[in-house]
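Student: Could you have a look at this structure, given as structure tokens, before my questions?
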Amino acid sequence: MTGTLAPVTDAKAPRSARLLLRHPSAVLLAAQLIGVLLYPFVPASGEGRVLLEVFGALVLALAIWSVRHTAGRGQVLVSIALGIAASGLSIADAIQGSWGLALPSALLHALFYFWAAGNLMVYMLADHDVTVDELFAVGATFTLVAWAFAYVFAALQLVQPGCFTAAVDPLAQRTWVELLFLSFTNLTSTGLSDILPVTAHARSVVMIEQLAGVGYVALFVSRLVGLTVSRNIRGTGQSRAEPPAADTV
């Protein structure tokens, strides 16, 4: 891809900082997983929601940082624009609680996460060398897609109230944690969610996510596993005079 940005490195930085700079996908994955663990402890309204949105803005910034060295400058600018717009709308919605802000915020978040996930997919398909950061990118991309579909569910729920039900309080609007849980269970094809789509539109989106989850494992995970195994097999027949690069698996 033309116009790509080189990774940011600093030989004078501490070793831990250099590791973070070399593995942005690992940082993004860690932030996403930390968010999963923190969400249940933060109230879904008032100041708690504002804090959640600020954390979400941080995750968006990490996503942009993760794709900066594989996306062209124009793509990075698009990512920044989407991230700023989505974060601004979500924080404003957390303060004012307006439907007119919540819907475009959810749609922009979904678009941003799909965009970032697509850039990371291009990153993983760019060559035939499997690096440590690409292995972390497998998990980071998966969480980005899960977040994207969760925001699609949130937008759908705003347009079509009651399109998702649950075993507990079935008539209520589903919370963000519930929608994220539904997204993860669908994308992983575990089918353990007690959150169910009950309208045709909701079921159609859930089916698309189920297909995306299966396709992601079949295309990206299996490819990286195959490349890693193939490289190890080739390496056993070669001289050890030229050891592999430190960043290569």
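The values are calculated or read from the model by the stated rules, or taken from the named source; none is laboratory data. Quick caveat, the model's predicted, so the values are computed rather than measured. Don't worry about glycine lacking a Cβ; one is built from the backbone with ideal geometry, like all the others, and counts go over all protein chains shown.
Student: Would you kindly identify the helices (runs of 4 or more DSSP H) lying entirely within region 16-112 that contain at least 2 residues that are loosely packed, with under 15 Cβ neighbours inside 10 Å and at pLDDT below 85? Full working, then the answer.
Tutor: Details: elements: 24-38, 47-67, 73-96.
Qualifying helices (runs of 4 or more DSSP H): 47-67, 73-96.
Student: For region 155-203, what are the residues that are over 22 Å from the mean Cα position of the chain (by Cα) and over 26 Å from Ala86 (Cα atoms)?
Tutor: Thr165, Ala166, Ala167, Val168, Asp169, Pro170, Leu171, Asp194, Leu196, Val198, Thr199, Ala200
Student: I've got another one for you. Six or more apart or on different chains, Cβ under 8 Å: which pairs go from a residue in region 130-159 that's on the phi > 0 side of the Ramachandran plot and of a type in the set (Asp, Glu) to one that's at pLDDT 90 or above and surrounded by 24 or more Cβ atoms within 10 Å (Cβ to Cβ)? Could you list them?
Tutor: none
Student: Which pairs do you get when a residue that is β-branched (Val, Ile, Thr), found in region 162-180, comes within reach of a residue that is in a helix (DSSP H, G or I) and at pLDDT below 90, reach meaning Cβ atoms under 8 angstrom, with the pair 6+ apart or on two chains?
Tutor: Close Cβ pairs satisfying both conditions: Val177/Tyr39; Val177/Pro40.
Student: If you don't mind, another one. Filter region 182-215 for residues that are among the β-branched types (Val, Ile, Thr) and in a loop (DSSP other than H, G, I, E, B) and give the result. If you could, list the steps in order and put the result at the bottom.
Tutor: Our first condition is that a residue be among the β-branched types (Val, Ile, Thr); within region 182-215, this holds for 185, 188, 190, 195, 198-199, 205-206, 208, 214.
Once the filter is applied, which keeps residues that are among the β-branched types (Val, Ile, Thr) and in a loop (DSSP other than H, G, I, E, B), region 182-215 yields Thr188, Thr190, Val198, Thr199.
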